[in-house]
Amino acid sequence: MKKLLALLLTLLMVISFVGCSTQAKEETLETKEVTTSSEEATDKQDNYYPISFNNYNYAKEEIEQTVNKAPERVVVVYQNSIETLLALGLGDKIVGAAGLDHEIKPELADDFANLNYYEEGISKEEIMGLNPDMIVSWSSFFSDKKLGEVDFWHDRDVNTFIMSNSGVRKDRMLEHEYTDIRTLGQIFNVEEKAEKIINDIKAEIAKGKEFAKGKDPVKAVVLQLRKDGTFRIYGEDSVGGDMATQLGANLLAKDSGNIGAEDLASLNPDVIFTVYYSYFGGSVEMEDAIGKITGHEGLQSVSAVENQRVLPVKLGEVYCSGIRTMDGVKTMLKGLYPDEYND
């Protein structure tokens, strides 16, 4: 009996030892996995930089720049520049921001509220006081009288990024919006976020192509009211025109330029997308953008006016649009395919 009891006690001790040994081994493996994962993430970050990217100078020439690490102190000027960086999760990198045509997108409002925003615009001297390592903006702002020229900042080891469709290219196409988002994603090492934004836009555009199959293309015009009462046309070489075309519309005014009411009437579009905005150098309010067309005596017989298909679109959705490209696509889908598209 004593032998049997001793044998049972020995067996229990063995089982207990094996269990503790296994648990310790599992805990060691878990710790090793966490440590390895952390080390791999650090190595990936360390091995990622430096990277080079192509952009532009104030003379609209393509130049190459290099970043040795993710920028930490960024000044961002203008709507799409601000919102694109916020959408990429980079709000904590922004030390100064200025220049909105519209209210910030609702989903970015909380992040925007934490920014150092300059209501009256920001000067070169103010930017210097912020000690930035990168400035992101539109071409026209990189003058000596505004933000300072590109070369001025490069001489001080500050990188610059000019949005492609802001004036440095003659072909202002959707593809360049994708390129800007992708390149910014690379610069800040957030490529997955950038690619998701791009792929989501492309998926929405694919809906328009599907709606257009087997139908006569909807005849459309994208324009902006000018101070003299004429209209500026967004042709095939513009973001707005390229967007309408990719969504399956027949863009009637294919060349960018200015036209009068008589020429617009002769085109007789089914849908008119009319641009509105409010910021530097004046504004076109939404009511005026619509009313100057629907109330024009010479446009009453135009199909779009007769059928109440004169639709407002924000400047930021069809010109150097950044992440608002998605908003522009949705606006046009609703206007071109009201019976098919449900957002």
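For the range 230-240, what does the Karplus curve 6.51 cos²θ - 1.76 cosθ + 1.60, with θ = phi - 60°, yield as ³J(HN,Hα) per residue in whole Hz, taken in order and with x for Gly and Pro?
With coefficients 6.51, -1.76 and 1.60, one gets 8, 10, 8, 8, 9, x, 5, 8, 10, 4, x Hz.
Taking Cα centroids, how far is the range 51-76 from the range 103-160 in Å?
Using only Cα atoms to place each centre, the spacing works out to 13 Å.
Run the quick spin-label model on Tyr49 and Glu340: label points 7 Å from Cα toward the beta carbon, then report their separation in nm to one decimal.
4.7
Per residue of the range 147-164, what does 6.51 cos²θ - 1.76 cosθ + 1.60 with θ = phi - 60° give for ³J(HN,Hα)? Whole Hz please, x for Gly and Pro, Karplus curve as stated.
My calculation for the range 147-164 gives 7, x, 6, 3, 4, 4, 6, 5, 5, 10, 6, 10, 6, 10, 9, 9, 5, 4 Hz in order.
Once you place label points 7 Å from the Cα toward the Cβ at Asp157 and Ser140, how far apart are they in nm?
Here the modelled spin labels are 3.4 nm apart.
I need to check one value: relative contact order of the range 53-169, counting alpha carbon pairs closer than 8 Å and at least 6 residues apart, in percent.
Contact order relative to length: 30 percent.
Nearest 5 is fine: what % of DSSP beta bridges in the range 205-336 come out antiparallel, could you say?
45
If I histogram all Cα-Cα distances within the range 205-336 using bins 5 Å wide from 0, what percent of pairs lands in each bin?
The distribution over the range 205-336 is 2, 12, 23, 26, 21, 11, 5, 1, 0, given as percents.
Along the positive direction of the dipole of the chain (beta-carbon charges: Lys, Arg +1; Asp, Glu -1; about the Cα centre), which of Thr160, Leu267, Tyr337 reaches farthest?
Tyr337
If I fit a long axis through the Cα atoms of helix 2-48 and take the longest principal axis of the Cα atoms of the chain, what angle between them do I get, 0 to 90°, rounded to 10?
The answer is roughly 30 degrees.
Please tell me which of these pairs span more than 30 angstrom C-alpha to C-alpha: Lys145/Lys292; Lys170/Lys196; Lys146/Lys207; Lys60/Lys292; Lys215/Lys314; Lys93/Lys254?
Beyond 30 Å: Lys145/Lys292; Lys146/Lys207; Lys60/Lys292; Lys93/Lys254.
Given that just one value was derived from the coordinates, which of [x] 16.2; [y] 20.6; [z] 26.7 is mean projected area of the Cα convex hull in nm²?
Among [x] 16.2; [y] 20.6; [z] 26.7, the one derived from this structure is [z].
Taking the Cα centre of the chain as origin, sum charge times position over the Cβ atoms of Lys and Arg (+1) and Asp and Glu (-1), and report the length of that vector in debye to the nearest 20.
800
Evaluate the relative contact order of the chain (contact order divided by residue number), counting alpha-carbon pairs under 8 angstrom at least 6 apart; express in whole percent.
Contact order relative to length: 14 percent.
Can you give me the Cα centroid spacing of the range 215-243 and the range 78-92 in angstrom?
With the range 215-243 and the range 78-92 each reduced to a Cα centre, they are spaced 27 Å.
Which one of Met173, Thr294, Phe142 is farthest out on the positive end of the charge dipole of the chain, using unit charges on Cβ (Lys, Arg +1; Asp, Glu -1) and the Cα centre as origin?
Met173
Rg and Dmax in Å for the range 53-169, alpha carbons only: what are they?
13.3, 38
Rounded to the nearest 0.05, what FRET efficiency do Asn307 and Tyr118 have when you use their Cβ-Cβ distance and R0 = 56 Å?
Result of the calculation: an efficiency of 0.80.
Count the DSSP beta bridges whose two residues both fall in the chain, then state the antiparallel fraction as a percent rounded to the nearest 5.
40
Measuring from label point to label point, each 7 Å out along Cα→Cβ, what is the Lys170 to Arg73 span in nm?
Going by the 7 Å Cα→Cβ label model, 4.1 nm.
Want the number for Asp263 to Glu195: 0.36 nm per residue separation, take away the alpha-carbon distance, what's left?
Length difference between fully extended and current span is 20.4 nm.
Every number in this text was worked out from the coordinates using simple rules, so none of it is lab data. None of the values given here were measured: they were computed from a predicted structure. Ideal geometry is used to build each Cβ from the backbone, glycine not excepted, and the neighbour counts take in all protein chains shown.
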